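Please treat every number below as a calculation from the coordinates, not as lab data. Please read all numbers here as calculations on a predicted model, not as lab measurements. For neighbour counting, all protein chains shown are included, and Cβ atoms are generated from backbone atoms with ideal geometry for every residue, glycine included.
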Amino acid sequence: MNTRAQSRAPHKRPKPVYLFCYFKNNGEDGLHLASSQDGLTWTALHGDSSILKPTAGIDKLMRDPCIIRGGDGLFHMVWTVSWKERSIGYASSADLVHWSPQQNVPVMAHEPEAKNCWAPEIFYDRKQKDYMIYWATTIPGRFPQTDSGGDNNHRIYCIRTKDFKTYSPAKLLIDPGFNVIDATIQQSDDQYVMFLKDETKKPVQKNLHVAFSKRLDGGWGQVSPPITGNYWAEGPTAIRKGGQWIVYFDKYTQHLYGAVSSTDLKTWTDISDKVSFPKGLRHGTVFTVSPQEYEDLINRLNRNASEHPNSK
């Protein structure tokens, strides 16, 4: 082949490796990671042992971890520190193995009646060059029209930060008119897509929906009909793989993980029979790394395992 023609050949970008961060049991042992080449078959890393132990909060749990890559190239993680505290956990890392000191961020400290802060997620806003963190909180009496008694009448709230030192006041992100938890946001061309769980207990729902907005921190329209089937689903996390969307979720009453797929975000097909996850995997999020970053990660984990053989 002519060398000049060869130099003009398009450079093929290496396929990313998918990583899934998750917790097991009640979240007391910390952060777990799994990997996949195709987004369907997932394998636990580090012998399915914890990579990071939780230290933030009173109860020191690390449930519902969410990791994204920020504008600074670092990985930023938020998580649920407790069933009942008014704060969330935060830490950052350059390599997914060595993490900054864990922060306990009191996002709802100004609401003395707030019952919890569940399943926080984080989104990097490239336009504003800052981060939006969002989560579910119940404040008794705040939404009486959907209060069926008890402490669970959640809405999704959010804050923004540029440096994880100072944070904007918390504000309501979405009120879909029902008890809502487990929101996760992706960008799709010129709009934002939110997958969320209807947590209504009477009559029972426990299913996933989609909402859309032109703005990240507001303007969310009416939610779609359920995109999941006749089972209880929670903890959605999504990827866009080629022209296909895949939403993974926890079939928590069945102790299984499932998935649905769509090409248009309107018509959904259950592909739960096509995905496999490590046993005991609970609510987490999916993100990508390069093949070189993945190789480096495996080498670091192997090195740590050999240097600290009893740390598992």
**Asked** Which aspartates and glutamates have a Cα less than 19 Å from the Cα of K165, not counting those fewer than 8 places away in the same chain?
**Response** D72, E121, D125, D130
**Cβ-placed point charges (K, R +1; D, E -1), dipole of segment 1-128 about Cα centre in debye, nearest 20** = 780
**Fill in**
Pairs over 22 Å Cα to Cα, from K202/K251; K129/K241; K197/K266, come to K129/K241
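Would you mind getting me the FRET efficiency between Y124 and Q244? Use the beta-carbon distance for r and R0 = 22 Å, nearest 0.05.
Values: r = 23 Å, r/R0 = 1.05.
With R0 = 22 Å, the Cβ-Cβ based efficiency is 0.40.
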**Request:** Return the Rg/Rh value of the chain, two decimal places, where both radii are evaluated on C-alpha atoms and Rh is the Kirkwood radius.
**Result:** 0.97
**Message:** On a full-extension model of 0.36 nm per residue, what is the gain between S224 and K15, subtracting their alpha-carbon distance, rounded to one decimal in nm?
**Reply:** 72.0 nm
**Message:** For the chain, set up a GNM with springs between Cα atoms under 10 Å and report which of I67, I88, I227 has the largest fluctuation.
**Reply:** I227
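Once you have a ≥ b ≥ c as the square roots of the Cα gyration tensor eigenvalues for segment 1-144, tell me rounded if a/c is under 1.5, and otherwise prolate or oblate according to whether a/b is larger than b/c.
The shape class here is prolate.
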**Request:** Report the trypsin sites (Lys or Arg not before Pro) located in segment 214-254 that are in a DSSP loop and have at most 13 other Cβ atoms inside 10 Å of their Cβ, or state none.
**Result:** K214
**Asked** Can you tell which of T267, T288, T200 shows the greatest fluctuation in a Gaussian network model of the chain with Cα springs below 10 Å?
**Response** T267
**Complete:** Between the Cα axis of helix 291-307 and the main Cα principal axis of the chain, the angle (0 to 90°, nearest 10) is 80
**Prompt:** How about K24: which aspartates and glutamates have a C-alpha closer than 13 Å to its C-alpha, ignoring those fewer than 8 places off in the same chain?
**Reply:** D48, D64, D250
**Message:** Can you pull out the trypsin sites (Lys or Arg not before Pro) in segment 43-124 whose DSSP state is coil and whose Cβ has at most 14 other Cβ atoms within 10 Å?
**Reply:** K84
**Prompt:** What is the calculated FRET efficiency for K274 to S49, with r their C-beta to C-beta distance and R₀ = 22 Å, to the nearest 0.05?
**Reply:** 0.20
**Request:** With springs connecting C-alpha atoms under 10 Å apart, model the chain as a Gaussian network and identify which of L208, L281, L265 has the largest mean-square fluctuation.
**Result:** L265
